[in-house]
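Colleague: My questions all concern the structure below.
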Amino acid sequence: MGQNISSLISAGGSEWALAAEEGKRQAIASLRGYAYQLHQSLAAWIALPNGATLHLEVAEDYAAIARDPATLEEVLAATQVKDKRESGSVTLNSADVLEAIANFWSLREANEGRKVRFAFLTTSPIGKERRAPLPSGTPGLEVWATAARGGPVDELRAALKERLADHAGITALLADASDDELCETLIAPIRFVCGAPDIAGVEADNRAALVELGYELGGTPELAARAADHLLVRVLDTVIESADRRLTRGDLIQQLFDLITIRVPSRTAIGAGGLTARGIDLDATGVWRAAAPPQGPFAPRSVAVDAIGAIAAEHGVAWIHGSTGLGKSILAELAAARRGSAWRVLDLRGASGPVARERLAAARAHILAAPDIVGLVVDDLSPDLEAEILSELSALAATLARRDTPLLVTSNHPPSHRIARATGAVDAAVFAAPPFDESDAADLVAAYRGDPAEWAWFALLVGGTHPQLVDAAIAGLKRRGWPDSAMEEWAEAGMRNSDVEAEREAARRRLLAELTGDTLPLLARTARIIGTFDRPLAVAVGEAMPALERIGLSLDQLTGHWIERVGSRGLRTSPLVSGLDRETFSADELKAIDEAICVHLLKRTAMSPDLIDLAFAHAIFAQNGGVVNMIVQMVITSTDENRPKLASAMTLFRRADAGLGFLDEYPLQRLLLLLAQHLLLSSIGSADDVNRSAERLVERLDAATKSPDARPEAEEATAGIVFMKMLMDGYAFGKIRDWFPLLRRFRTIAEEKASYAHLFETELDRDPIQFLFLAHAVHLPGRAALSDLFGNLDALDSGERRYWLAALGGQAAATSMFVDNAWMKDVEKDDVDAIGEAAEFARLAEIATGWDEPALAGRLYRAQSVMLDEYANDRAGAEAALDAAEAKLPGSFEIMRSRAKIAWRADDHQKVVAITGELAGRVDDVDALEAAFVWREGAMSAGEMELYDQSRRWFEAAERRVREARSASDVFATALAADAVWAAFAAGDRAGAVRAMASVLGRLEAIDPALNETARALHLLSRHLILWMRAQDENIRIDDGPVLFVPGAISNPSPNPGLAAQPLSPLAPAWMMLARVALRAGVPPAEVLDWVGVADSRRYPAHDVMIRTDLLNYGIERQSIDDFSRFLVPHVEGIQHIAESDWQQNPPDPVNAVPGTLPTLTADKLADDLVRSSLRDSALAYGAVSLKGGLAQPHSLGMVRGVVHEVAKADLLPEWSDTPPAEATDLGSAAAESIARLAAHKTLTLEQLFVAHLSIGVQTGPPIGAQKGL
């Protein structure tokens, strides 16, 4: 059974204090270890593949069960977690290590015949054994890793024999197994993951992974990162509360989706402009793709591919280096294809240091959130970028190593010492890409359908063993039909030169010379295109003046040889022809090609961001300011949604600085380019990056306006555009430190320029300039920024200050966001000095008081009390601070509200109720949601004091205020309505309560429980409330515990995370239970049956039988002969269905009921004993209740007898006739006789009196149908 849901109900707002003596018993090291294990368990959950399950504290600290993609066998992968960084290094002598080996063996023996793997994960680094070191002097755990990848095992075997001599099973294996058997059975299945990141590092990785995963699900990075805390609670709850302690990938996706999905209330519309930058979007860049073998004919290069695979298997990394054209990328992707399908490629070709750093960091975040990635190829990494990429490359390699995910790197050079250490690319892991040998050439000739025996050696000779040149030579032979004269012609050309480099260059020149017609000019033109392009662009450069002929055919001949395929539709010229454009064309011709590229791209109706970037680069080459300006305008006018995609793909544009000298004579255009670059950066950059960009932009703006050549009107107009775009950029809210001085400058421009007059023609309570003030003010990055803003405002004259503060509009919601959002940012960063913050808020409040802004001052004093009460745990200090504040702001609503909040946290309900009563006359003038929380807290305290009528009125008042700001279907409003139902029912207005609950259930139909955690809690606890209602009249228990309810539980804005694990039933059972409660509360049957949800519930026989029974009970208990007559037959039909469906042995599940129809009571069934017994028992129950209520009369019993006779077509109650039987034949007959005699006011014998008491007790006990199963 799951946890009693009653124990998970809370209203929020209370905290427990720690006893002073408890501090002496704290076990910090143990708690840190437990916390580390929880964070690593969450990391394992995030990395869990689809279809796998994660078991917590079942086999070791956690274990995953997944299928091996190669064999489809189930594999149990157990992990033991040790946070022992402070204990130094670990070695093969460490007790934990030896225990881990023994634990693996025990787990393996317990799962004989099944695959078991084991990971020992520790924060400690690998150390070298001091006692009994290995002969080679290599640390034992490093020898283990090498052996696990296929290296020698002799040294490790001897070391283990010495250390595990007491373990019989392992000792036998070490003595008898071959090297391969030992590796497969013991060494390869165990991984020692040492030097794992500390708890902060794991937490950061988890948040980064959730940002990636949350982005794919449509959430913001901020919410996705915060979800880590909730998911940690889910992990802990699973360990403690779940019976099977298991989690799945689906559980993760579902809960993360709930946590990142929000509904934005109207009061926060002002702050909704704040957008969160996620970082570079790899999918938008085109440099992140699935690994795949090359298209078209290719040589499998098995020898080299096998060697790379062996290196990666042994070392976890392979560094493939060589000069351009040796096929490094193809070798890496062929090796990847050998090892599995889910490999990814990160393309760094041509990337600058900052761009490569961005891509490496983004790839790591993506891998953390993608458990299906089994390997990574980093393509074309330049060691020249070492200083700029080392940190990100090291972090990426460490992440891959911890996941046992191989890394393949291609580069033009071997790794430097620092890069080798960062990636684990030891000397043995570095592989020089080989030239073609004869077998490679033979394979390629065969792929082109030629005769390898005849042509392979010749192609190898012609190509000088250079893979790309050999490929081009073979392709040329194929196109010419494998002519016999080719060998003689090439031999005469002197291709037997021993100087390899000279021979390759000669081959390049000769092969290019063989290109016929317009093929070579087309290749030279496409060589001008930067990076990747598509076929239409290649055709367009061919059509540039002068136009070439047969462009499509020439392009087909070049593709696959001199023009590489990239992905499904991309193309890229071979590095071997780099510079061909400059060798072939004059400067003017190159400019014409650049402009043709720009024109073609800009004519497209839909252009991807990477092609926009390409157009910009060629506009720079052509020094075409018009095209640059067009692209700048495209960026500046792009939507907020598209900007991160543009920023991720347009790296050339975003970082362009050099080569822009031709814009110097157009300073305003250069300024707008800088603005566009800033707007892109703000959508993906950090706060520091965005602030630096803004400072640079303003510096350039100021320099342009102070220039001797400046044109004041133009400069002022441009400044207005710059300030407006900078300050209206939602991504930059909270990131530009000097936003307020900039906003003041913008206001000056806007007020003086007629073109901005429309900004001030508004009927709103604040103009757009004030709106911008508020938008930035509610996104301050912390309290320090709030203090800085106060300093700026305090330096102004009172008139201007009033203008800016008028943006708050005297509204509590705006003032709350202005003050509270700042300190909440510090709380999120766990950077709060509560005492110091309280003092600073008091200082700011005094400043606001001096400004004659009492509402703002009150909110600041409220923040001071929060710091003292909630963060410094100093209730007395908070109360004293409010006393001092009240002396300065007598009668302040904010101060009274703060007193109520402090009292609520201290469970001083009497004080909360008193303060709420004092505030009652003032809440109509405050923000709707603020008022709702005032009423809610008062209602909860009234409920705790059993002032149920008061509690109901205040819950209803809270709901009315929420509905003013939102809608009837809003989660919070509906939850408050449900809490009011509880108070009404507790107050005794049961009929009114169930009618209100019917309205709540109707509103739940429109609320998706998957919306968020509060929506799910609303659904779950509303059903629980109905169960609580039933429990007030019936002995209902959950897991041997009473059904409990806490005032305000349903409207708790932060429900207990444990509720997420509780199953959620459909609404139909809730309607069925509500119908039963309603009938017992006296709601007329016609009204109950008219509820749409009840009609739907009755489609299920398991529900309908219960409702029919309660309908009859309603008629009996209220002595309504009409209702008795109306519901008698439906009740008997239900009893008949129970008997025919064998409910006594197999009762149905009302939660998962099956639709159906109850049988009609037909004439042939009327003679059945069960039917007749049910009819007779119902009549006796009616008569017994009549006696108990003093209402029994012979004529009333006669009416009941007549009803039964009408149904049964027989007299089933002869005891109630004028001529009853002489004597009773059974207990039922005796009961009927006793009821009749008492109704006629006749005396009973002692025996008859006993039977009468027995009969009345039975018939007026539990309602009909209350037996087990109903």
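Colleague: In region 756-795, which residues are surrounded by fewer than 20 Cβ atoms within 10 Å (Cβ to Cβ), modelled with pLDDT of 65 or more and among the polar types (S, T, N, Q)?
Modeller: Passing the criteria: SER787, ASN792.
Colleague: From ALA148, ALA188, which residue is under 20 Å from ALA397 (Cα atoms) and either at pLDDT below 90 or touching a Leu at 6+ places or on another chain (Cβ under 8 Å) (or both)?
Modeller: ALA148
Colleague: Is it the case that region 818-833 has a residue that's in contact (Cβ under 8 Å) with a residue 12 or more places away in the chain, of a type in the set (A, V, I, L, M), within 24 Å of LEU743 (Cα to Cα) and buried (at least 18 other Cβ atoms within 10 Å of the Cβ)?
Modeller: Yes - at least one qualifying residue is present in region 818-833.
Colleague: Of the conditions (1) over 19 Å from PRO125 (Cα atoms); (2) assigned to a helix (DSSP H, G or I), GLY219 clears all except one; give me its number.
Modeller: Of the numbered conditions (1) over 19 Å from PRO125 (Cα atoms); (2) assigned to a helix (DSSP H, G or I), the odd one out for GLY219 is (2).
Colleague: Which pairs turn up if I take residues in region 441-460 that are in a loop (DSSP other than H, G, I, E, B) and look for partners that are among the charged types (D, E, K, R) and surrounded by fewer than 18 Cβ atoms within 10 Å (Cβ to Cβ) with beta carbon separation below 9 Å, at least 6 apart in sequence or on another chain?
Modeller: TYR448/LYS478; ARG449/LYS478; GLY450/LYS478
Colleague: Of everything in region 540-578, what is at pLDDT 85 or above, assigned to a helix (DSSP H, G or I) and aliphatic (A, V, I, L, M)? Give them in sequence order.
Modeller: Passing the criteria: ALA540, VAL541, ILE551, LEU553, LEU555.
Colleague: How many residues are at pLDDT 90 or above and closer than 18 Å to ALA188 by Cβ if we restrict to region 118-142?
Modeller: 2
Colleague: ASN624: polar (S, T, N, Q) and free of Cβ contacts under 8 Å to residues at least 40 places away in the same chain, yes or no?
Modeller: Criteria met by ASN624.
Colleague: Quickly run through region 1088-1113 and pick out the residues that are small (Gly, Ala, Ser) and buried (at least 24 other Cβ atoms within 10 Å of the Cβ).
Modeller: Of everything in region 1088-1113, those that are small (Gly, Ala, Ser) and buried (at least 24 other Cβ atoms within 10 Å of the Cβ) turn out to be SER1097, ALA1102.
Colleague: Next up: When you go through THR465, THR399 one by one, which is the residue that is modelled with pLDDT under 90, crowded, with 18+ Cβ neighbours inside 10 Å, assigned by TED's automatic domain parsing to the domain that holds ARG339 and of a type in the set (Val, Ile, Thr)?
Modeller: THR399
Colleague: Additional query: Can you give me the number of residues within region 314-329 that are farther than 21 Å from ALA398 by Cβ and either touching a helix residue (DSSP H, G or I) at 6+ places or on another chain (Cβ under 8 Å) or among the hydroxyl-bearing types (Ser, Thr, Tyr) (or both)?
Modeller: 8
Colleague: Any chance you could count how many residues in region 367-399 are within 18 Å of VAL355 (Cα to Cα) and either assigned to a loop (DSSP other than H, G, I, E, B) or out of contact with any strand residue (DSSP E or B) (no Cβ under 7 Å at 6 or more places or on another chain) (or both)?
Modeller: Within region 367-399, residues that are within 18 Å of VAL355 (Cα to Cα) and either assigned to a loop (DSSP other than H, G, I, E, B) or out of contact with any strand residue (DSSP E or B) (no Cβ under 7 Å at 6 or more places or on another chain) (or both) number 16.
Colleague: Look at region 777-820 and say how many of its residues are within 23 Å of ASP925 (Cβ to Cβ), of a type in the set (S, T, N, Q) and either in a helix (DSSP H, G or I) or out of contact with any helix residue (DSSP H, G or I) (no Cβ under 9 Å at 6 or more places or on another chain) (or both).
Modeller: Counting residues in region 777-820 that are within 23 Å of ASP925 (Cβ to Cβ), of a type in the set (S, T, N, Q) and either in a helix (DSSP H, G or I) or out of contact with any helix residue (DSSP H, G or I) (no Cβ under 9 Å at 6 or more places or on another chain) (or both) gives 2.
Colleague: Looking at ALA977, ALA931, ALA958, ALA1006, which is the one that is surrounded by 23 or more Cβ atoms within 10 Å (Cβ to Cβ), within 35 Å of the chain's Cα centre (by Cα) and over 15 Å from ALA1049 (Cα atoms)?
Modeller: Selected residue: ALA931, the only one of ALA977, ALA931, ALA958, ALA1006 that is surrounded by 23 or more Cβ atoms within 10 Å (Cβ to Cβ), within 35 Å of the chain's Cα centre (by Cα) and over 15 Å from ALA1049 (Cα atoms).
Colleague: Hey, can you tell me all the residues within region 991-1048 that are in contact (Cβ under 8 Å) with a residue 12 or more places away in the chain, aliphatic (A, V, I, L, M) and assigned to a loop (DSSP other than H, G, I, E, B)?
Modeller: Once the filter is applied, which keeps residues that are in contact (Cβ under 8 Å) with a residue 12 or more places away in the chain, aliphatic (A, V, I, L, M) and assigned to a loop (DSSP other than H, G, I, E, B), region 991-1048 yields ALA1006, ILE1007, ALA1010, LEU1011, VAL1043, LEU1044, VAL1046.
Colleague: Can you name the number of the only condition in (1) modelled with pLDDT of 90 or more; (2) buried (at least 23 other Cβ atoms within 10 Å of the Cβ) that ASN691 fails?
Modeller: Only one criterion in (1) modelled with pLDDT of 90 or more; (2) buried (at least 23 other Cβ atoms within 10 Å of the Cβ) is unmet by ASN691, namely (2).
Colleague: In addition: Would you confirm whether or not region 1049-1056 contains a residue that is at pLDDT below 95, over 30 Å from TRP935 (Cα atoms) and either part of a loop (DSSP other than H, G, I, E, B) or of a type outside the set (S, T, N, Q) (or both)?
Modeller: Looking through region 1049-1056, none of the residues is at pLDDT below 95, over 30 Å from TRP935 (Cα atoms) and either part of a loop (DSSP other than H, G, I, E, B) or of a type outside the set (S, T, N, Q) (or both).
Colleague: Here are some conditions: (1) modelled with pLDDT of 90 or more; (2) assigned to a helix (DSSP H, G or I); (3) buried (at least 23 other Cβ atoms within 10 Å of the Cβ). ALA312 meets all but one. Which one does it not meet?
Modeller: ALA312 satisfies all of (1) modelled with pLDDT of 90 or more; (2) assigned to a helix (DSSP H, G or I); (3) buried (at least 23 other Cβ atoms within 10 Å of the Cβ) except (1).
Colleague: Would you pick out the residues in region 407-421 that are in a helix (DSSP H, G or I), of a type outside the set (Lys, Arg) and in contact with an Asp or Glu (Cβ under 9 Å, 6 or more places away or on another chain)?
Modeller: Within region 407-421, ILE419, ALA420 meet the criteria.
Colleague: Given the options GLY1269, GLY1183, GLY1228, GLY1202, name the one that is of a type outside the set (Ser, Thr, Tyr), at pLDDT below 80, under 30 Å from ALA1163 (Cβ atoms) and assigned to a helix (DSSP H, G or I).
Modeller: Exactly one residue qualifies, and that residue is GLY1228.
Colleague: Kindly indicate whether ALA993 is assigned by TED's automatic domain parsing to the domain that holds ALA1049, within 19 Å of MET1029 (Cβ to Cβ) and not acidic (Asp, Glu).
Modeller: Yes, satisfied.
Colleague: Scan region 164-187 for residues that are out of contact with any Ser or Thr (no Cβ under 9 Å at 6 or more places or on another chain) and farther than 21 Å from VAL116 by Cβ and jot them down.
Modeller: If the condition is that a residue be out of contact with any Ser or Thr (no Cβ under 9 Å at 6 or more places or on another chain) and farther than 21 Å from VAL116 by Cβ, then ASP166, ALA175 are the ones that fit.
Colleague: Cβ-Cβ distance below 6 Å, separation of 6 or more or different chains: which pairs start in region 228-256 with a residue that is within 11 Å of THR53 (Cβ to Cβ) and end on one that is of a type in the set (Lys, Arg) and modelled with pLDDT of 75 or more?
Modeller: Close Cβ pairs (under 6 Å, with a partner that is of a type in the set (Lys, Arg) and modelled with pLDDT of 75 or more) do not exist here.
Colleague: Report yes if some residue within region 916-923 is within 26 Å of ARG966 (Cα to Cα), crowded, with 16+ Cβ neighbours inside 10 Å, in contact (Cβ under 8 Å) with a residue 12 or more places away in the chain and of a type in the set (A, V, I, L, M); otherwise report no.
Modeller: Among the residues of region 916-923, at least one is within 26 Å of ARG966 (Cα to Cα), crowded, with 16+ Cβ neighbours inside 10 Å, in contact (Cβ under 8 Å) with a residue 12 or more places away in the chain and of a type in the set (A, V, I, L, M), which makes the answer yes.
Colleague: Take region 1166-1180 and flag every residue that is more than 17 Å from ILE1116 (Cβ to Cβ) and not in a loop (DSSP other than H, G, I, E, B).
Modeller: ASP1169, LEU1170, VAL1171, ARG1172
Colleague: In addition: Tell me yes or no: at least one residue of region 551-567 is surrounded by fewer than 18 Cβ atoms within 10 Å (Cβ to Cβ), of a type in the set (Asp, Glu) and without any contact (Cβ under 8 Å) to a residue 60 or more places away in the chain.
Modeller: Yes - at least one qualifying residue is present in region 551-567.
Colleague: Okay, next question. Mind checking which residues of region 1205-1217 are assigned to a helix (DSSP H, G or I) and either charged (D, E, K, R) or under 60 Å from the mean Cα position of the chain (by Cα) (or both)?
Modeller: GLU1206, GLU1215
Colleague: Okay, next question. Do we have ASP1149 as at pLDDT below 90 and under 17 Å from ILE1107 (Cα atoms) here?
Modeller: Yes, satisfied.
Colleague: Another question about this same structure. For region 579-592, state whether one or more residues are crowded, with 17+ Cβ neighbours inside 10 Å, assigned to a strand (DSSP E or B), charged (D, E, K, R) and on the phi < 0 side of the Ramachandran plot.
Modeller: no
The values are calculated or read from the model by the stated rules, or taken from the named source; none is laboratory data. These numbers were taken from a predicted model, which means no experiment stands behind them. Neighbour counts run over all protein chains shown; Cβ positions are idealised from the backbone, glycine included.
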